[in-house]
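The values are calculated or read from the model by the stated rules, or taken from the named source; none is laboratory data. Predicted, not measured: the structure shown is a model, and the values here were computed from it. With ideal geometry, Cβ positions are generated from the backbone for all residues, glycine too; neighbour counts draw on all protein chains shown. When the accessible area is computed, the model is the full protein with side chains, heavy atoms only, and any ligands, DNA or RNA have been set aside. Shrake-Rupley method; radii C 1.70, N 1.55, O 1.52, S 1.80 Å.
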Amino acid sequence: MIEEQLVLVERDERIGVVLMNRPKQLNALSDELMDELVTTLRDLDADEAIRCIVLGGSERAFAAGADIGELARSTAIELYYARRVERWDAIRNLWTPLVAAVSGFCLGGGCELAMSCDLIVASETARFGQPETGLGIIPGAGGTQRLTRAVGKYVANEIILTGRFVSAAEAKAIGLAAQVYPAATWLEDAKALARTIAEKPPVAARLATEAVDLAWNSTLDAGLEFERKAFYLLFATEDKKEGVDAFVNKRKAVFKGK
């Protein structure tokens, strides 16, 4: 019997495309899937040829949540020692810009996984949600924190406490999704966005995402201090010289990540 390949990988010039592949389980995030996903993303992150990564699932589901069967068999101490949630932190710490391309269900741990990426784009079929309270638990991989920072306290509380699903259009309206694409082209549109990001100088892209994260997670003063230092630092890069020269001489820049 051929084992199911849990993660599908495609390299498309400067972008990497990673698709979760547990279709019968709507990409429920089992330990095995998350381990393979983290390994795959880290491998792409270490590849200097890859300058942006798209993370997606199937048309039906980005990820419909955690593997409830696994959670039901686990004790509190087993979950604690397994460090299960730290896998989401590993994804958050990737260097390469990471785009979540969401189609269909994006619930619970799946929504938290999407929010661990640098930005979220959605098919018009996407449905977001944090329905954990209906199981007698709460979001445990950043949902209460990242959702609140994305949409505000009152909207986050309403979504989490009711467990309702948020449409793609609403997700964009409240700041959870950056773009909504047609159902027929959602993945190709996400790849096109990734190619645009991949054209930018990698060091500048990384420092920009770090600065935005600080605006999200820290104080204004700390964010401004980091932004200024990063701005000055980029003047020491070859890519800055190349970008300015290309602009002045009206030619296409060729960035090397140096």
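Here are the numbers for the structure shown:
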| read-out | value |
| --- | --- |
| Residue satisfying condition, being farther than 29 Å from Ala184 by Cβ, in contact with a Leu (Cβ under 9 Å, 6 or more places away or on another chain) and not in a loop (DSSP other than H, G, I, E, B), within set Ala150, Ala122, Ala90 | Ala90 |
| Odd one out for Ile15, checked against (1) farther than 19 Å from Leu107 by Cβ; (2) modelled with pLDDT under 95; (3) aliphatic (A, V, I, L, M) | (2) |
| Unique match (being within 28 Å of Thr96 (Cβ to Cβ) and open to solvent by 10 Å² or more (accessible area, probe 1.4 Å)) among Thr148, Thr162 | Thr148 |
| Residue match in region 88-105 (condition: among the acidic types (Asp, Glu), open to solvent by 50 Å² or more (accessible area, probe 1.4 Å) and either at pLDDT below 95 or in contact with a Phe, Trp or Tyr (Cβ under 8 Å, 6 or more places away or on another chain) (or both)) | yes |
| Top-ranked residue in region 171-200 [being among the small types (Gly, Ala, Ser) and touching a Gly at 6+ places or on another chain (Cβ under 9 Å); ranked as farthest from Thr125 (Cα to Cα)] | Ala194 |
| Pairs where the first residue, in region 27-40, is within 15 Å of Gly56 (Cβ to Cβ) and the second is surrounded by 18 or more Cβ atoms within 10 Å (Cβ to Cβ) and of a type in the set (S, T, N, Q), C-beta under 8 Å, 6+ apart | Asn27/Ser58; Leu33/Asn27 |
| Options Asp35, Asp43; residue that is more than 30 Å from Phe255 (Cα to Cα), outside any strand (DSSP E or B) and open to solvent by 10 Å² or more (accessible area, probe 1.4 Å) | Asp35 |
| Candidates Asp239, Asp213, Asp221 - the one that is surrounded by 18 or more Cβ atoms within 10 Å (Cβ to Cβ) and free of Cβ contacts under 8 Å to residues at least 40 places away in the same chain | Asp239 |
| Verdict on Ala230 being touching a residue at least 40 places away in the same chain (Cβ under 8 Å), small (Gly, Ala, Ser) and open to solvent by less than 40 Å² (accessible area, probe 1.4 Å) | no |
| Residues located in region 15-32, provided they are open to solvent by less than 60 Å² (accessible area, probe 1.4 Å) and over 15 Å from the mean Cα position of the chain (by Cα) | Asn21, Arg22, Leu26, Asn27, Ala28, Ser30, Asp31 |
